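The values are calculated or read from the model by the stated rules, or taken from the named source; none is laboratory data. A quick note: this is a predicted structure, and the numbers were derived from the prediction, not measured. Cβ placement follows ideal geometry from the backbone for every residue including glycine, while neighbour counts extend to all protein chains displayed.
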């Protein structure tokens, strides 16, 4: 079973963490948002602050503005909860439905793929920084070589040559 929507598109960055909104996680696991949050409330000790947290009003507005399908969030009476990778796995283990267990694998893979992508991006940025530093060193070295060669490249005006032979001007 594969999710209808790519899971990477459901993962948002909020408060510097990669998270999934409860409505999206519930749809991935094939349960209602109410059922997901109900199970979480029953087992709240399994969800510390680093597993899930509730969005503020401004964060909710930002998610609604940036989300593909915000209708499920726009008309809610309560602010949505978001789950980190560990919270999503914990929710799947609590729901204990075959669909939730199967989809938890996809959720974990989506988070891992995003983490690998970030690591790759960091490695690329580090390499670009090294190249930039090397180019700056070469630029300084080339300027120094140019500065030293410049006197050799400038041509002094030729000294007036004395013409050979009789010239009436010289006869004076």
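Based on this model, can you work out whether residue 100 counts as touching a strand residue (DSSP E or B) at 6+ places or on another chain (Cβ under 7 Å), surrounded by 14 or more Cβ atoms within 10 Å (Cβ to Cβ) and under 30 Å from residue 54 (Cβ atoms)?
no
Kindly indicate whether any position in the range 46-55 is crowded, with 20+ Cβ neighbours inside 10 Å and within 24 Å of the chain's Cα centre (by Cα).
Within the range 46-55, one or more residues are crowded, with 20+ Cβ neighbours inside 10 Å and within 24 Å of the chain's Cα centre (by Cα).
Please go through the range 71-88 and pick out each residue that is part of a helix (DSSP H, G or I) and either surrounded by fewer than 17 Cβ atoms within 10 Å (Cβ to Cβ) or at pLDDT below 80 (or both).
71, 72, 73, 74, 86
So if I check each of 148, 109, which one is in contact with a helix residue (DSSP H, G or I) (Cβ under 9 Å, 6 or more places away or on another chain) and in a helix (DSSP H, G or I)?
None of the other options fit; the residue is 109.
Residue 49: out of contact with any helix residue (DSSP H, G or I) (no Cβ under 7 Å at 6 or more places or on another chain) and assigned to a helix (DSSP H, G or I), yes or no?
No.
Go through the range 16-42 and give me each residue that's closer than 16 Å to residue 118 by Cβ and either surrounded by fewer than 19 Cβ atoms within 10 Å (Cβ to Cβ) or touching a helix residue (DSSP H, G or I) at 6+ places or on another chain (Cβ under 7 Å) (or both).
If the condition is that a residue be closer than 16 Å to residue 118 by Cβ and either surrounded by fewer than 19 Cβ atoms within 10 Å (Cβ to Cβ) or touching a helix residue (DSSP H, G or I) at 6+ places or on another chain (Cβ under 7 Å) (or both), then 16, 17, 18 are the ones that fit.
Give just the number: which of (1) touching a helix residue (DSSP H, G or I) at 6+ places or on another chain (Cβ under 8 Å); (2) in a helix (DSSP H, G or I); (3) modelled with pLDDT under 75 does residue 68 not satisfy?
(2)
Given the conditions (1) out of contact with any helix residue (DSSP H, G or I) (no Cβ under 6 Å at 6 or more places or on another chain); (2) at pLDDT below 85; (3) part of a helix (DSSP H, G or I); (4) under 18 Å from residue 8 (Cα atoms), which single one is not true for residue 58?
For residue 58, the failing item is (4).
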